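Asks: Just dropping this structure here.
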Amino acid sequence: MSRARPETVSAEFLEPWGQEDLRHRVGAAIGSGRLPQSLLILGPEGVGKRLMALWIARALQCGTGDSPCGTCRSCRMAARLEHPDIHLHFPMPRPKRAASRAKLREAIEAQRHERLALLREDLHARLDPEVVKGLYVAAVENIRDQASRRPSMSRKSVFVIEDADRMVPQSSSPEAANAFLKLLEEPPEFAYILLTSNRPDALLPTIRSRSVPLRVAPVPTPRVAAYLTEQLDVSADRALAVARKADGAVYQARRLLDTDADDSGTAADDLLAAALDGTSRARYRAASRYSARGARGELAPALEDLRVRLRDLLCVASGATGETFDPARIASLTRGRTVTDRAVLDALASVDAALEGVGRNLNPQATIALLLEEMSTAFAGEAAETTPLSF
Ligand SMILES: [Zn+2]
């Protein structure tokens, strides 16, 4: 899989999709030095609160104006979640017993770094979705200590604390709770605290009253669909169908895409679109929708449908008309690209090889990655002497 992974994350992936107005308002506050130091970022699950918080963090650290420049050292480190003065915290499973409070805090910090590594792989990952988790006393103590230290690289330190409604009431350690509340109320002049929550009713009232709310609004359905087509190379029809289910939560739509892959026809359309697109990003996106283990049940029908699509392409090439294929749909799939019959024949051979791989129980994700690479090579390597297909 690694060869299909893009080398760098492009800027548009890091910006919360569809939140231009909010970014504009927040950016103006940052530019004029009026951004409150304790913010509570609210909005439904999957609307982009993490991306919004990290965008604010990058803008604060970049310091070139009202938005992150994306190219300076600070922005590049922050994009990789490696900025020493941007601290990302989130609820985690309750830690096992430890010999001392210090050991417990070390263990929590180690857990946090494991999850940061996951987020560096996929910034949209849901952390520990199936387990009970919280922001426990030891984690709050770590945050408090980190926030009391001066920033190491820049002049500000930014704390992003996700799902702040999961903060466990600190009856066992009232001093930790009080220290955290004091941090929210009067942060050191160099510190910014960005809390996120999709359950504002569950927030401790003491936290809510000490932070300024910032709402990340749901994105209109056509904009959600545009995200799926422009960023994830999903076909327009499917993008709209999935976007309608997402209630304006862009990244929820992205997740729905993963669980919605049972429609083999649209899955085949997406595979063909990714192969024709040819970029490693498109191929990676398409392959990453398949699991690395098991789930081959959904792969074989998609590959069979893909074979049908390719046969349709050949029919169009030879000028055939009839009921067995739909030239209008093919034309929309190829997005104006010209492909040759030789390329289609090569692609068909690759699909057959992939189907064989599925039969032998190979890793579906790796199988798709290899298939898309071979297909896009076939589509890109068209020789002049073969018959071009025009749509
Ligand atoms: Zn910058």
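The values are calculated or read from the model by the stated rules, or taken from the named source; none is laboratory data. On a predicted model such as this, the values are computed, not experimentally measured, just so you know. We place every Cβ from the backbone using ideal geometry, glycine too, and count neighbours over all the protein chains shown. The area values use the complete protein model at the heavy-atom level, side chains included, leaving out ligands, DNA and RNA. Shrake-Rupley method; radii C 1.70, N 1.55, O 1.52, S 1.80 Å.
Asks: Calculate log10 I(q)/I(0) of the stretch 120-270 for q = 0.09, 0.10, 0.11, 0.15 Å⁻¹, where I(q) comes from the Debye formula with a single equal point scatterer on each Cα and nothing for solvent.
Replies: -0.43, -0.52, -0.60, -0.89
Asks: Quick one: net charge of A99's neighbours, Cβ under 13 Å, K/R +1, D/E -1?
Replies: +4
Asks: Separate question: Accessible area per residue of the chain at 1.4 Å probe, in Å²?
Replies: Heavy-atom accessible area per residue stands at 47 Å².
Asks: Then there's this: Rg and Dmax of the stretch 2-215 over Cα atoms: what are they, in angstrom?
Replies: 16.7, 51
Asks: Suppose R0 equals 35 Å. What FRET efficiency, 1/(1 + (r/R0)^6) with r the Cβ-Cβ distance, do E109 and E304 give to the nearest 0.05?
Replies: The calculated FRET efficiency here is 0.10.
Asks: So for the chain, Kirkwood radius off the Cα pairs, Stokes-Einstein at 4 °C and 1.567 mPa s: how many µm² s⁻¹?
Replies: 56 µm²/s
Asks: Compute the distance in nm between two label points, each set 7 Å from the Cα along the Cα-to-Cβ direction, one at R215 and one at E175.
Replies: Result: 4.1 nm between the two label points.
Asks: Kindly provide log₁₀ I(q)/I(0) values, in the same order as q = 0.16, 0.17, 0.21, 0.25 Å⁻¹, from the Debye equation applied to equal alpha-carbon scatterers of the stretch 30-124.
Replies: -0.80, -0.88, -1.13, -1.32
Asks: Show me, for the stretch 300-310, the HN-Hα J-couplings you get by feeding each phi into the Karplus relation (A = 6.51, B = -1.76, C = 1.60, θ = phi - 60°), rounded to Hz, glycine and proline as x.
Replies: Rounded to whole hertz, the list is 4, x, 5, 5, 4, 5, 5, 4, 4, 4, 5.
Asks: Roll a 1.4 angstrom probe over the protein heavy atoms and tell me the percent of accessible area of the chain that is carbon or sulfur.
Replies: Carbon and sulfur together cover 50 percent of it.
Asks: Also, quick follow-up: Which value in deg cm²/dmol, rounded to the nearest 500, describes the helix-derived mean residue ellipticity at 222 nm for the chain, given -39,500 (n - 2.57) per DSSP H run of n ≥ 4 and division by the residue count?
Replies: Rounded to the nearest 500, it is -16500 deg cm²/dmol.
Asks: What is the distance in Å between the Cα centres of the stretch 30-97 and the stretch 145-216?
Replies: 14 Å
Asks: Can you give the FRET efficiency to the nearest 0.05 for L116 and C72, using r as the Cβ-Cβ distance and R₀ = 30 Å?
Replies: The calculated FRET efficiency here is 0.90.
Asks: What FRET efficiency would be calculated for the residue pair R25, E186, taking the C-beta separation as r and a Förster radius of 30 Å, to the nearest 0.05?
Replies: My answer for the efficiency is 0.75.
Asks: Can you tell me how the stretch 144-186 classifies by the Cα gyration tensor, rounded, prolate or oblate, using a/c under 1.5 as the rounded cut?
Replies: prolate
Asks: I would also like to ask the following. In straight Cα distance, which lysines are under 20 Å from K103, not counting same-chain residues fewer than 8 positions off?
Replies: Partners found: K133.
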